Amino acid sequence: MAILQVRHLEKHFGATRVLNDISFELEQGQALAIIGSSGSGKTTLLRCLNFLETPNRGQIIVHGEPLFDADDPATQRESEVRKKRLRFGLVFQSFHLFPQYTALENVTLAVRLLAQERPDFKRNRREILDKVQAEGRELLAKMGLSDRENHYPHQLSGGQQQRVAIARALALRPDILCFDEPTSALDPELTGEVLKVIRSLAEQRTTMIIVTHEMAFARDVADQVIFMDGGLIVEQGPARRVIEHPEQERTRQFLARYDRG
């Protein structure tokens with residue numbers, strides 16, 4: 001069974017239909033790249049999956065469990081939103097790090113807050129927090145940032161800040177890790193270090209959805225590609241086939257414009 005099933009998802013802003021009948025599935029351990037022009041609905045789709053936006057229609061199902069069903073009010077209770085967000089880690093275009101916290105504190109903050117809700121927290125406080133710190137350091141090490149754990153965001157390059165943001169998303173152990181154009185705020189020389197981290201996560205079979213404008217990266221790293229245009233999925237399929245041999249004229253036109261870049 002697919003880890004994620006999105007069925008007939010729609011999102012409207014007033015009279016504007018930003019997502020129109022979006023349906024796809026994602027298998028455990030797959031990387032899905034979503035490509036398309038600005039305004040095609042890519043970011044809105046990620047925000048719906050992360051419950052930062054509420055769809056007007058459709059279903060979002062994870063591991064066979066309906067997390068959202070527009071026809072079932074029980075899946076839309078505000079009290080459940082935070083819990084549902086934990087299923088999807090989201091790495092934004094901008095880093096959104098807390099400037100007053102170090103890299104390690106940024107990575108562990110949400111986990112520490114959640115730990116305080118555990119019934120055994122007061123009894124095992126030191127042990128629990130030590131484990132959180134250790135896991136945070138391990139994630140920073142995987143990002144190549146062991147020597148930056150006590151640095152504040154203003155002391156880090158853009159690439160380093162984005163790697164801290166990736167570690168922070170992974171710290172919550174989401175079912176699916178989502179990236180919203182993670183290199184768009186970076187200078188070209190820093191883009192490679194972030195893509196290298198995402199490539200490594202794909203090799204480890206981390207389940208991911210990546211909104212990206214890096215076509216070569218999507219072709220080489222993603223298992224599947226979705227091309228969106230005007231709030232619609234125009235084409236989807238194996239990454240190399242969609243990018244190198246698209247079947248739809250709109251996909252070919254987009255990729256041709258991108259190549260002329």
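For region 224-242, the candidate set comprises residues that are open to solvent by 10 Å² or more (accessible area, probe 1.4 Å) and over 22 Å from residue 8 (Cβ atoms); within that set, the residue that is nearest to the chain's Cα centre (by Cα) is 238. Taking residue 201, is it at pLDDT 95 or above and over 24 Å from residue 132 (Cα atoms)? Spelling it out, it is not the case that residue 201 is at pLDDT 95 or above and over 24 Å from residue 132 (Cα atoms).
Consider region 37-46 and keep the residues that are in contact with a Leu (Cβ under 9 Å, 6 or more places away or on another chain) and outside any loop (DSSP other than H, G, I, E, B). The one that is most open to solvent (accessible area, probe 1.4 Å) is 44. Note on region 205-242: among residues that are assigned to a helix (DSSP H, G or I) and of a type in the set (Val, Ile, Thr), the one that is nearest to residue 49 (Cα to Cα) is 221. When region 1-36 is filtered for residues that are assigned to a strand (DSSP E or B), touching a helix residue (DSSP H, G or I) at 6+ places or on another chain (Cβ under 7 Å) and not hydrophobic (A, V, I, L, M, F, W, C), only 11 remains. With respect to residue 190, is the statement that it is surrounded by 13 or more Cβ atoms within 10 Å (Cβ to Cβ), at pLDDT 95 or above and not in a loop (DSSP other than H, G, I, E, B) true? So residue 190 fails the test. Counting just the residues of region 37-53 that are in contact with a helix residue (DSSP H, G or I) (Cβ under 7 Å, 6 or more places away or on another chain) and touching a residue at least 40 places away in the same chain (Cβ under 8 Å), which one comes out nearest to residue 213 (Cα to Cα)? Among those residues, the one meeting the criterion is 37. Would region 4-11 turn up any residue that is of a type in the set (Lys, Arg), open to solvent by 70 Å² or more (accessible area, probe 1.4 Å) and within 17 Å of the chain's Cα centre (by Cα)? Checked region 4-11: no residue is of a type in the set (Lys, Arg), open to solvent by 70 Å² or more (accessible area, probe 1.4 Å) and within 17 Å of the chain's Cα centre (by Cα). Here is the figure for region 112-135: residues that are touching a residue at least 24 places away in the same chain (Cβ under 8 Å) and open to solvent by less than 40 Å² (accessible area, probe 1.4 Å) total 1.
If the condition is being open to solvent by less than 30 Å² (accessible area, probe 1.4 Å) and small (Gly, Ala, Ser), then region 71-111 contributes 89, 103.
Might you let me know whether region 243-255 holds any residue that is closer than 21 Å to residue 8 by Cβ, part of a loop (DSSP other than H, G, I, E, B) and open to solvent by less than 40 Å² (accessible area, probe 1.4 Å)? No, because not a single residue in region 243-255 is closer than 21 Å to residue 8 by Cβ, part of a loop (DSSP other than H, G, I, E, B) and open to solvent by less than 40 Å² (accessible area, probe 1.4 Å).
Restricting attention to region 57-108, which residues are of a type in the set (A, V, I, L, M) and assigned to a helix (DSSP H, G or I)? Hits for region 57-108 are 74, 81, 103, 104, 107. In region 132-174, what residues are in a helix (DSSP H, G or I) and of a type in the set (Asp, Glu)? Across region 132-174, the qualifying residues are 135, 138, 147. Return yes or no: is residue 7 more than 21 Å from residue 180 (Cβ to Cβ) and in contact (Cβ under 8 Å) with a residue 24 or more places away in the chain? Yes. Residues of region 174-184 include none that is farther than 22 Å from residue 226 by Cβ and not acidic (Asp, Glu).
The values are calculated or read from the model by the stated rules, or taken from the named source; none is laboratory data. These figures come from a predicted structure and were not determined experimentally. Methodologically, a virtual Cβ is constructed for each residue, glycine included, from the backbone with ideal geometry; neighbour enumeration extends over all protein chains shown. In case anyone asks, the SASA skips ligands and DNA or RNA and just uses the protein heavy atoms, side chains included. Shrake-Rupley method; radii C 1.70, N 1.55, O 1.52, S 1.80 Å.
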